[in-house]
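J.: What follows is a single structure, and I will ask about it in a moment.
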Amino acid sequence: MSPDKVRSRKRIAAAALLLAWALALLATGPSALLPLTNYNLIAFDATDENIRSRELAAFDANFYKNAYIEHPDSNFYKYAYVFVTYHKAGHVLSHHLAKYLQKNLAFHFGHKLIRGDPVLPRKDFDGETKCTKLALRPGTVTVVDAPEFHCSTDELRRMFMSNPPPHTRPKYGVKVVHLVRNPFKMAASNYRYHSLDPAPEPFVHDPKINPCESLDAKIGHGHDDVEADLVSQKLENARVGEMVSIMTRKDFDNIVRDCRSLWRTRPGLTDGTYFDHLRALDPKEGLRMATADKFVHFALMANDLIMFERVQRQVQGRNLAHPGKKNDFDLLTTPLDDWIERPQQAMYDFLDFVFGNHMPENRKRAQAALHEKEYVAKTLHSEHVTSGGKYSDAEELEKSLQGDPVFGGPMMRMEVLLGSRLLKEKGARRVGRGVAK
């Protein structure tokens, strides 16, 4: 049979199915209809060799849009989607995934998510609540880099779950993709990235930049909130297993003191820039300085691991107490290490989190395999993907921090905190998939 005849028959079959669906809707109402999800996505997958034409792909998109107008499976747009990340923990990846999400929803349901309001964590810092302000409207996707969430659990829950005006549609909740990273790998990647020559980011050449000042910096406008004071409050009282604290305010002071012992104290570096130090210091010393410079991001990541779990637990408790007002705080904690070492599985988990049973298994796996292929090709030509495996001394650098008297303890406890969270989510996903089956 010729390709034109195949396309013609597919169009006729699709039109007949849509007509039957419409007649059933008129006769019985939408509640009696079975979900069309899996059939739609399989039969009208634009990757199919027989339907690659733009004309038929456009027809498919309109079909999805029409078929889901009244069906509850179209509730994707009643959620706000949030990507939270940190320096060297998936900044570029977060934007890639946000665009990917928009593209897939547009294809399957007819229109994209709207980009949420830009968030500048320190500029948008609320000195009263001690949190970066958010306005997460349903049908939007927002990327936030290193947010300052030092407010109460109640306040953070309110920001995530409330539906800011204008109320164009109801809000069912939020889906949060939390991009994280093993702190030791994150530190080694940060050091190697900023010591590249030529430097990918010009700030390292600025003679006014002092890498030892970030933890003592004040945040917000018109407030005297010091970064280390704020972030240490949650970390000092966090209990994970047998640990009663992640790190104390004194631990932050020790990091600043260690950094200052290296900054412009060596021959030939008395007027040197940050970049000069990274290139001239012994790698283990340069690693300590680079880690101090970006330690805010390590601390904020640990802080958010704690706060997101508290918010999720509070939302679940409120749902049990008020079943008629149920809202969802869905959380995927996804390590950049998985995206580097196991990109296919990481992409599958992401698709499963966002789409669940609304995207068939064969498409999830095909898209995940395609992502891995593209990622491998990209790593051959990009300096931004600074995974530990690209450097022969990565393991040695990580071990030097693990045994360091200043950084070792706090970062190992962050590692335990991250591992604990990942185990909880993995167990919850297994239970969820078992129920779904």
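J.: Looking only at segment 307-347, filter to residues that are part of a helix (DSSP H, G or I), in contact (Cβ under 8 Å) with a residue 12 or more places away in the chain and charged (D, E, K, R); which one of those is least open to solvent (accessible area, probe 1.4 Å)?
T.: D337
J.: Which residues, counting only those in segment 188-212, are within 27 Å of the chain's Cα centre (by Cα) and assigned to a loop (DSSP other than H, G, I, E, B)?
T.: Residues satisfying the conditions are S195, L196, A199, P200, E201, P211.
J.: Return yes or no: is F109 among the aromatic types (F, W, Y) and under 20 Å from D328 (Cα atoms)?
T.: The answer is no for F109.
J.: On to the next question. Is it the case that Q367 is at pLDDT below 95 and either part of a helix (DSSP H, G or I) or in contact with an Asp or Glu (Cβ under 9 Å, 6 or more places away or on another chain) (or both)?
T.: So Q367 passes the test.
J.: For the subset of segment 132-141 comprising residues that are surrounded by fewer than 23 Cβ atoms within 10 Å (Cβ to Cβ) and not aliphatic (A, V, I, L, M), which member is nearest to H95 (Cα to Cα)?
T.: T140
J.: I would also like to ask the following. If I ask for residues that are at pLDDT 90 or above, open to solvent by less than 20 Å² (accessible area, probe 1.4 Å) and not small (G, A, S), which ones from segment 58-87 would you list?
T.: Within segment 58-87, Y81, V82, F83, V84, T85, Y86 meet the criteria.
J.: Related question: Could you grab the pairs with beta carbons closer than 9 Å, sequence gap of 6+ or different chains, first residue in segment 184-204 and surrounded by fewer than 17 Cβ atoms within 10 Å (Cβ to Cβ), second one of a type in the set (D, E, K, R) and at pLDDT 95 or above?
T.: D197/R279
The values are calculated or read from the model by the stated rules, or taken from the named source; none is laboratory data. None of the values given here were measured: they were computed from a predicted structure. Quick reminder, even Gly has a Cβ in these numbers, built from the backbone with ideal geometry, and neighbours come from all protein chains shown. The area values use the complete protein model at the heavy-atom level, side chains included, leaving out ligands, DNA and RNA. Shrake-Rupley method; radii C 1.70, N 1.55, O 1.52, S 1.80 Å.
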